Amino acid sequence: MIEVLAKLSRGPVFLAGEMLECVITFTNPLSASSTSASSEMLAWASAQIHCQFHASENRVALPPSDGSKHDVQAENETVFVPNRGERGQCILSTPPKILFCDLRLDPGESKSYSYCETLPVDGPPSFRGQSVKYVYKLTIGCQRVNSPIKLLRVPFRVLVLHGLKDYQFPQDEAVAPSNPFLEEEEGLKKDSRLADLATELLMVATSRRSLHLYNISNTRGKVGTFCIFKTVYKIGEDVIGTFNFSEGDIPCLQFSVSLQTEESIQEEFQRRRGQPVSFTVHARHQESCLHTAQSSFSLPIPLSSTPGFTTNIVSLKWRLHFEFVTSGESAGTCLVRGSQSEAVTWTGVEQMEVDTFSWDLPIKVLPTNPILASYVSQFSSTNSITI
């Protein structure tokens, strides 16, 4: 028996273009007092990254797959096929890398190998929607002699930040900032600069503030105004907005604000023409606001959510969805006098004519630092199997 342990060194969340590093340890857990006959042998081990795509048959019409590409060897249990048994189709994969051949482990002995691979920048982000799913995994295959291959799958999350793909780092390393007391490998140095660049780009894009003022009105007249200071955010931030009802002609009884994603299938892949868009609510604020001059809300963007993106099959957009309940009467008639005595009690009316209307405000949501997103990831940095 051999235990295989895979650990992602920096956590389970990465930016496309970063280098993924995984330390894979093979251990013979038998005690050292066992006989030499208890030594274990592995013929080989290999690792590969792949992205699985799965679509709902009720919502997405995919073109028929090319049967000519079917690999007969893939049916053989002694051939390394990382996505064997997985749902959907493999749309992206890196070249497989061999970790070792003919490994012998004595009782109590263990050996570790480091797997490093740059994540492709042209792939989709990790996403689990109502219509489609994009799932990334690192698959490690191990085989004993004359035995089927055993697969250890390590799921991880990929965030995509547009603009990193076309960035060219300076060729003259002498002018680039560096620490002379640290010796870094070239790949790790570039990976560190890529993460720093992404953090800088995100900070610049989401720190710009300017007053956005919107008039809220319906067919009867003006209800109030809405103010927001930016429309570009990164996951983990709060969306903050304020209302001013003091200048409105129509009394607002209640409002609600929902932070939503809009998942739409590209027209050529829709199962039926004009099929509805899928919405997901991530946060919601509701408030009664009769005779309220000003109000505000704060909606957090979950770190576990997917930033907006577009592929050839699906598009994900973010928006604020507003719903207002207004009265058809003036504000002064919304209350009735309960007593004619000196102690006056005011109570609300039992029935009232109301109007409702909604409004959508598009916003842009970008990724965040992958280390920050790792803290709330549903994936574990460590995975293991026994073979």
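The values are calculated or read from the model by the stated rules, or taken from the named source; none is laboratory data. Keep in mind it's a predicted model, so treat the numbers as computed, not measured. Cβ sites come from the backbone with ideal geometry, for glycine too, and all protein chains shown count toward neighbours. Protein only, heavy atoms only, side chains kept; ligands, DNA and RNA dropped before computing areas. Shrake-Rupley method; radii C 1.70, N 1.55, O 1.52, S 1.80 Å.
Put simply, the amide H of Arg157, placed in the peptide plane, has neighbours under 5 Å in Val13, Phe14, leaving out anything fewer than 5 places away on its chain.
Here's how it looks for Glu109: its modeled amide H is under 5 Å from those of Asn28, which are all 5 or more places away or on a different chain.
Residues in segment 289-306 carry Karplus couplings, in order, of 9, 4, 6, 9, 7, 9, 8, 8, 8, 9, 10, x, 8, x, 5, 7, 7, 9 Hz; the curve used is 6.51 cos²θ - 1.76 cosθ + 1.60 with θ = phi - 60°, and Gly or Pro positions show x.
Using the Cβ of Cys51 as centre and a radius below 14 Å, the other residues enclosed give a net charge of +3, where K and R count +1 and D and E count -1. All other residues whose Cβ lies under 15 angstrom from that of Ser210 are scored, Lys and Arg at +1 and Asp and Glu at -1, for a net of +4. In order along segment 230-235, the phi-based Karplus estimate (6.51 cos²θ - 1.76 cosθ + 1.60, θ = phi - 60°) of 3J(HN,Hα) comes to 7, 10, 10, 9, 10, 4 Hz; Gly and Pro are listed as x.
Sort out for me the Cα centre separation of segment 244-323 from segment 214-236, rounded to whole Å. Centre-to-centre (Cα) distance: 12 Å.
Averaged per residue, what accessible area in Å² does segment 226-339 show with a 1.4 Å probe, protein chains only? Before the final figure, lay out each step's value.
Details: 5220 Å² over 114 residues.
Here the per-residue accessible area is 46 Å².
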